[in-house]
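Notes to accompany the following structure.
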Amino acid sequence: MAFYVTTPIYYVNAAPHLGHAYSTIAADVMARHMRQRGEDVFFLTGTDEHGEPVALAAEKEGVSPQVLADRNAPRFRDLMPRLNASNDFFIRTTDAEHGAKVQEILTTIRDNGHVYEGTYEGWYCPRCADFKTDAEAGENHTCPIHRIALTREKEDNYFFRLSAFQDDLLRLYDEQPDFVMPRHHYNEARSFVAGGLQDVSLSRATLSWGVTVPWDPGHVFYVWFDALLNYYSALSYARPGEDLTQRFWPAQFHLIGKDILKFHTVFWPAMLMAAKLPLPEHIFVHGFLLMRDDAGEEHKMSKSLGNVLDPFAAIDEFGTDALRYYCMREVSFGHDGSVSAAGFAARYESELANDFGNLASRIIAMVHRYRGGTVPDAAPDAELAAELDAMAGEICALLDRADLSAALDAAWQRVRRLNRFVEEQAPWTLAKDEARAGELDSVLSSLAEGLRVVAVVLHPWLPESTEKLLGALGAPEIALDRARVQPGRLGAVARLDPLFPKPHG
């Protein structure tokens, strides 16, 4: 089965921060898990390089938008290997191939009768690149996200006939209740549609930085119509000489932040309907990572607000797996949640270093101490094996609905179960009594095999650490069908350096 997952594409008006890493890590966990299941996976991420936010940032720095994009896009591309992201392609919306596909699809939408000329007047946020309705605007006509004054804009534009798709969108929501996930964001999106849709600007005549409107070169396409099409356009040129569209479209999951919900849950499906293209299966909306300000108030992590955590610095101090784990563990995926450097350090010490890292070190050390480094070929504890064998099915069911936090918790419950098993069975006591050698063999077999099973399941979250651990166990296979207790599978095991050593920062 084909599985296609995307992140939002990231604005290049500044350097990447933890919020960008959050979306990317989530998509990577899903992609890695589906590859473990043997699926045909395509994972897309990239940068959004057109529109007013980029043009304004470039003007402020005294450079052209292209220069700014060419300088900042590599920062996002370079973040991917630092995150150990397994993306199959990195799209830039300044790619010529993308621009040509945008022109092709939007011309089709025009030819299908869904574009007309008109004048737009309304409140506009240049950082969101979005016209706000009175209901969306904050107090005194401010942007509720960026906390800046909205500007009153009046332009002669081309319009997209969004209002014509209101009934179709409502039908979509009613017939496919998991189109938008989780449920509270589904309710928000459906309520927006049910409240009445207005036609929206398709082009800008006052801005030159964008994809040119082919039937009127004095206009560029409004940035959101250009950006949204990246999910579709990338498949046509991601692999030279090969068009992957039929193989992977429609996408199974678009992962987005809630600040861009309207565009992805209303504009995007309407555009695809207008172009007569298949719709994605699910749009999963995650929450904001919140940081506290000096007054104790929580705000979305944002470059413009200056309240960001640097993912590169976190990786330098704690390692890539630690950042991946923290992002998926600290905040329930799909909801807002607070993050902090102190919380990061606490999770690292209590869960990664102690729960998992220490467990791995203890088990391998006991196999060496009591059985010369070879895992006994003994029947494992039946009750423990049943708990471990149930894990893969639980994880699959949870990740099929993008419940990344619950899936990680299900795996971590088994990590803690193995820790309890060590204390309950006390191998150090069994080792003192030759008459109980068979019991010790069973305990060591149970622990080593349990450690292997847990490592396989945790691989999407902790790829570097689990590969190191599985290598030490002499069982490097990560396919999910290996995540079952199999007596006699393990033999000689290598000694293991601490998986999560004390940070060197």
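Each value in this text was obtained by applying a stated rule to the coordinates, not by laboratory testing. Since this is a predicted model, take the numbers as computed values, not measurements. We place every Cβ from the backbone using ideal geometry, glycine too, and count neighbours over all the protein chains shown.
Structural remarks
- Distant-in-sequence amide contacts of residue 334, defined by a placed amide H-H separation under 5 Å and a gap of 5 or more residues or a different chain, comprise 287.
- Region 125-175 and region 450-492 have their alpha-carbon centroids 49 Å apart.
- Qualifying chymotrypsin sites (Phe, Trp or Tyr not before Pro) in region 173-261, where qualification requires a DSSP coil assignment and no more than 14 other C-beta atoms within 10 Å, comprise 215.
- Per residue, the average separation of C-alpha pairs within less than 8 Å and at least 6 apart gives region 349-482 a relative contact order of 30 percent.
- In order along region 315-324, phi translates into HN-Hα couplings of 5, 4, 7, 10, x, 5, 4, 5, 5, 4 Hz, rounded to whole numbers, per the Karplus curve 6.51 cos²θ - 1.76 cosθ + 1.60 with θ = phi - 60° and x for Gly and Pro.
- For the chain, the longest principal axis of the Cα atoms and the long axis of helix 404-425 meet at an angle of about 10 degrees.
- Counted by Cβ distance under 15 Å from residue 270, the other residues give a net charge of +3, where Lys and Arg count +1 and Asp and Glu count -1.
- For the chain, share of DSSP beta bridges that run antiparallel, in % to the nearest 5: 50 percent
- Restriction of the GluC sites (Glu not before Pro) in region 111-149 to DSSP coil positions whose beta-carbon has at most 14 other beta-carbons within 10 angstrom yields 139.
- Debye log10 I(q)/I(0) at q = 0.22, 0.23 Å⁻¹ for region 159-283, Cα point scatterers: -1.35, -1.40
- Working note: Karplus 6.51/-1.76/1.60 with θ = phi - 60° gives region 477-483 the couplings 5, 10, 4, 5, 5, 8, 7 Hz, where Gly and Pro are set to x.
- Burial ordering of 40, 381, fewest other beta-carbon atoms within 10 Å first: 40, 381
- Fewest-first sequence of 328, 1, 273 by Cβ atoms within 10 Å of each Cβ: 1, 273, 328
- Cα point-scatterer Debye curve for region 39-78, base-10 log of I(q)/I(0) at q = 0.20, 0.25, 0.30, 0.34 Å⁻¹: -0.60, -0.81, -1.02, -1.14
- Unmatched cysteines, the chain - criterion: no other Cβ of a Cys under 4.7 angstrom: 327, 396
- When you filter the trypsin sites (Lys or Arg not before Pro) in region 113-158 for DSSP loop state and at most 14 other Cβ atoms inside 10 Å of their Cβ, you are left with 147.
- Proximal aspartates and glutamates to residue 101, defined as alpha-carbon separation beneath 13 angstrom and excluding residues fewer than eight positions away on the same chain: 226, 243
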